[in-house]
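Comments concern the structure below.
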Amino acid sequence: MRRRLFFAAWALSCVLGSGCGAEKTPAAAGIKIGFFGALTGPQATFALSGKNGARLAVEEINQAGGILGKRIELLVEDDRNEPSEAASAVSKLITRDDVVALIGENASSRSLAAAPIAQGYRVPMVSPSSTNVEVTKKGDYIFRVCFIDSYQGKALAMYARGALKAQTAAILVDARSDYSVGLAAAFRSAFTAGGGRIISEVKYAEGDSDFSAQLTAIRPGKPDVLFVPGYYTDAGLIARQAKALGIEAILLGADGWDSPKMTEIGGPAVDGAYFSNHYSVEDPSPTVARFVTRYRRAYGADPDSIAALSYDAARLIADAVARAGSTEGKRVRDALASTKDFPGVTGKITMDADRNPVKPAVILKIEGGKFRYAATIAP
């Protein structure tokens, strides 16, 4: 009953156009939820859009009456793109601010550093987009609302073999990134299992600016596709340098490419590339269309997948608190674990036994500087 009343009020508030998404100062005595991410540093666009998505959800919920008769207060910490700072941010949010749940981190390496802190204090943590399989293995208080790398890598390999008819592939992997290494392993396994051949695999480190040595090593093999499971900051530069060297392989990436900066950095070199993602702004479903409209109204930009996932994470936590009828950590954790068919913007969310959602992946194609829907790959 609590859940039905909560979502009925929320839907009515937004249908009546009550200004969902406007920035307001939450009541001091509200229910505190923490958000942590790299608001500064080379990947800041992710955390900034994630904060916006979470803030939009909180404002919608508050305008619908809040939860358990209280407003939600979203407290934000910048971890400056450092795993140690992510752990420190979580500790502050829990011990200083008394948050009842956490949203974060986007990057798997920082989630892996923060998760043991949340687990130790028994405060539920929901990562919007940390896809590395090890994240939720850190404890039974750790959740996510995104698919995992083992599925994302497989979906990309299936698309490369099926839709793109790729016979051969090269992989350029960030050896220091848990996210990149996990994706590379999943892609490699699925691509070869499907009859494809990996002809080269070379490494780089996040922050490198010259990839000529790696790309020169890849070029003689003339791969059909070049898989770059990294972030937009590196992938854009790699695309430009690959084009300059005459590499004609179709570029493939994953959700770490989902930033407007990808096309700014890569320019025409990224046209024709494909990457996997969690949703598409072109999805015609009413749930997605409503979210996109409200986000644009609030922030003047299209919401990327991190914004959508963070929005889903905030709403999922609110739903769990409402169903639990309490902010007590164990009860909220149990409610999150029992989530079934939650209507998220990024798809229906049902938690499996490892606190991972079973969801489809979307394949997007970069065309004319825009991210265009190409396909949906079902689990």
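The values are calculated or read from the model by the stated rules, or taken from the named source; none is laboratory data. The structure presented is a predicted model; accordingly, all values stated were derived computationally and were not measured. We place every Cβ from the backbone using ideal geometry, glycine too, and count neighbours over all the protein chains shown. We work out accessible area using only protein heavy atoms, side chains counted, and drop any ligands, DNA or RNA first. Shrake-Rupley method; radii C 1.70, N 1.55, O 1.52, S 1.80 Å.
Odds and ends about this structure:
- Listed by first and then second residue, the pairs with beta-carbon distance under 6 Å, at least 6 apart or on different chains, first residue in region 61-77 and of a type in the set (Lys, Arg), second open to solvent by less than 50 Å² (accessible area, probe 1.4 Å), are LYS70/GLY30; LYS70/ILE31; ARG71/PRO26; ARG71/ALA27; ARG71/GLY30; ARG71/ASN62.
- Any chance ALA361 is open to solvent by less than 20 Å² (accessible area, probe 1.4 Å) and within 22 Å of LEU102 (Cα to Cα): no
- Only a single criterion out of (1) in contact with a helix residue (DSSP H, G or I) (Cβ under 8 Å, 6 or more places away or on another chain); (2) open to solvent by 10 Å² or more (accessible area, probe 1.4 Å) is not satisfied by ARG296, namely (1).
- The set of residues in region 327-357 that are out of contact with any strand residue (DSSP E or B) (no Cβ under 8 Å at 6 or more places or on another chain), open to solvent by less than 20 Å² (accessible area, probe 1.4 Å) and part of a loop (DSSP other than H, G, I, E, B) comprises VAL345, THR346.
- For region 74-91, a residue qualifies if it is surrounded by fewer than 20 Cβ atoms within 10 Å (Cβ to Cβ) and touching a strand residue (DSSP E or B) at 6+ places or on another chain (Cβ under 6 Å), and the qualifying residues are LEU75, VAL76.
- Count - residues of region 50-65 that are open to solvent by 10 Å² or more (accessible area, probe 1.4 Å) and of a type in the set (Gly, Ala, Ser): 2
- Scope region 181-215; condition open to solvent by less than 60 Å² (accessible area, probe 1.4 Å) and out of contact with any helix residue (DSSP H, G or I) (no Cβ under 8 Å at 6 or more places or on another chain); matching residues: ALA205, GLN214
- Some residue of region 266-274 being in contact with a helix residue (DSSP H, G or I) (Cβ under 6 Å, 6 or more places away or on another chain), more than 18 Å from LEU74 (Cα to Cα), without any contact (Cβ under 8 Å) to a residue 40 or more places away in the chain and among the aliphatic types (A, V, I, L, M): yes
- In the set ALA254, ALA244, only one residue is touching a helix residue (DSSP H, G or I) at 6+ places or on another chain (Cβ under 6 Å) and either more than 18 Å from CYS146 (Cβ to Cβ) or open to solvent by less than 20 Å² (accessible area, probe 1.4 Å) (or both); that residue is ALA254.
- So ASP302, is it part of a helix (DSSP H, G or I), open to solvent by 40 Å² or more (accessible area, probe 1.4 Å) and either within 19 Å of ILE61 (Cα to Cα) or out of contact with any strand residue (DSSP E or B) (no Cβ under 6 Å at 6 or more places or on another chain) (or both): no
Conditions tested, residue by residue: (1) more than 20 Å from SER338 (Cα to Cα); (2) without any contact (Cβ under 8 Å) to a residue 60 or more places away in the chain; (3) in contact with a strand residue (DSSP E or B) (Cβ under 9 Å, 6 or more places away or on another chain); (4) assigned to a loop (DSSP other than H, G, I, E, B).
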site	(1), (2), (3), (4)
GLU105	yes, no, yes, yes
SER109	yes, no, no, no
ALA113	yes, yes, no, no
VAL126	no, no, yes, no
SER130	yes, yes, yes, yes
SER150	yes, yes, no, no
LEU172	yes, no, yes, no
ALA184	yes, yes, yes, no
PHE191	yes, yes, yes, no
